[in-house]
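See below for the structure under consideration.
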Amino acid sequence: MAALAEGVPVAFHLWIFCVGAMVGSFLNVVIARVPVGESIVRPGSRCPKCGAPIAWYDNIPLISWLFLRARCRRCGAPISARYPLIELISAVLAVAIVRQLGPTLAAAGYFAFAASLVALAYIDLDTWLLPHQITWPLLAVGLASPLWNRDLGWLSSLIGAAAGFGLFAAIAFFGEKLLKKETMGWGDVWLLSAIGAWLGWQALLPVVLLSALQGSIVGITLIAMGRDPSRTHLNQKTNQNDNDHDHEHDHEQEHEHSIADEEWIPPKHAVPYGPFLALAALEHLLAGNRLSSAWDYLLRRLFA
């Protein structure tokens, strides 16, 4: 009986891992299609190079990428390692959240929250945008999350959403009106508001501090390496525009964007902030108590 009891959790965690990987496969579709305004339902998965539909046996999370040796079965184009990476991240997050919260509605809700953060982080890395199609529903569902998460109070969620929005909105407004430049993207404003709704107002300061610290470390490291993500994005955008002029296609989706969005260029040596907000929120979700204890210990050591 002991062996059986020990085997059940392992099998259950394996099932959770598989479910998380399948969600990660869907996130790859979201990341690719939402920024360009395409449906995430139809058509089915297809090769971005040759457009060939991907059969179900070539679309098994993690396994198919290895079996195909990271190449399209039809055209042989390489398949980015980012696809299985996102599937693996989602699977690990699913297991970690269930291990922390148990097989509860709160765990299911927080996994949906975590999956949304993963999608937003990668979209921001690709496009420097945090789509309202994701951030607004994430905020709305977060405000309703006390329905299934008894550890989060309604007032804490509401204050968290309002304070998160107000904090970053003030920074964005200050930069636009007084400094005449963008100091904070409005996508970041909505994302922090959603994080406050899901995690409560108590999480806002740790998340902002963690994201700023980690973003600064990565930014300084990239500068020291001679790399500039803002210029990389500009070059990609220029190449895309050149390709668009070389082909006679219908560009109705492009007209949905505002002129300001089309002309916006990231500041030199900047890094997108959304991924660091998402990372800090996940760190607080999974290790908030341990991080707080480590922070308190560090402060005591410094000022003792």
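Each value in this text was obtained by applying a stated rule to the coordinates, not by laboratory testing. All values derive from a computational prediction rather than experimental measurement. For neighbour counting, all protein chains shown are included, and Cβ atoms are generated from backbone atoms with ideal geometry for every residue, glycine included.
Summary of values
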| read-out | value |
| --- | --- |
| Cut-off under 5 Å, modelled amide H: who pairs with Arg71 long-range | Ile79 |
| Rough spin-label spacing in nm, given labels placed 7 Å along Cα→Cβ, for Leu14 and Asp296 | 4.0 nm |
| Sequence of Thr127, Thr104, Thr135, Thr221 once ranked by neighbouring C-beta atoms within 10 Å, starting from the fewest | Thr221, Thr104, Thr127, Thr135 |
| Calculated P(r) tail over 25 Å for the range 34-171, as whole % of Cα pairs | 42 percent |
| Relative contact order %, the range 7-103, counting alpha carbon pairs below 8 Å whose residues are six or more apart | 42 percent |
| Label-to-label distance, nm, for residues given as Ile63 and Ala77 (7 Å Cα→Cβ offset) | 2.6 nm |
| Karplus 3J(HN,Hα) series, Hz, for the range 104-111 with 6.51 cos²θ - 1.76 cosθ + 1.60 (x for Gly, Pro) | 10, 4, 4, 5, 4, x, 5, 5 |
| Under 5 Å, built H, 5+ apart or other chain: amide partners of Arg46 | Ile54 |
| Ascending count of other beta-carbon atoms within 10 Å, so fewest first, for Lys268, Lys49 | Lys268, Lys49 |
| 3J(HN,Hα) from dihedral phi, the range 41-51, Karplus parametrisation 6.51/-1.76/1.60, rounded to Hz, x for glycine, proline | 10, 10, x, x, 4, 8, 5, x, 8, 9, x |
| Exposure proxy order (Cβ contacts within 10 Å, fewest to most) of Ile217, Ile123, Ile63, Ile54 | Ile217, Ile63, Ile54, Ile123 |
| ³J(HN,Hα) computed for each position of the range 72-82 - Karplus, 6.51 cos²θ - 1.76 cosθ + 1.60, integer Hz, glycine/proline x | 5, 5, 8, 9, x, 5, x, 9, 4, 5, 5 |
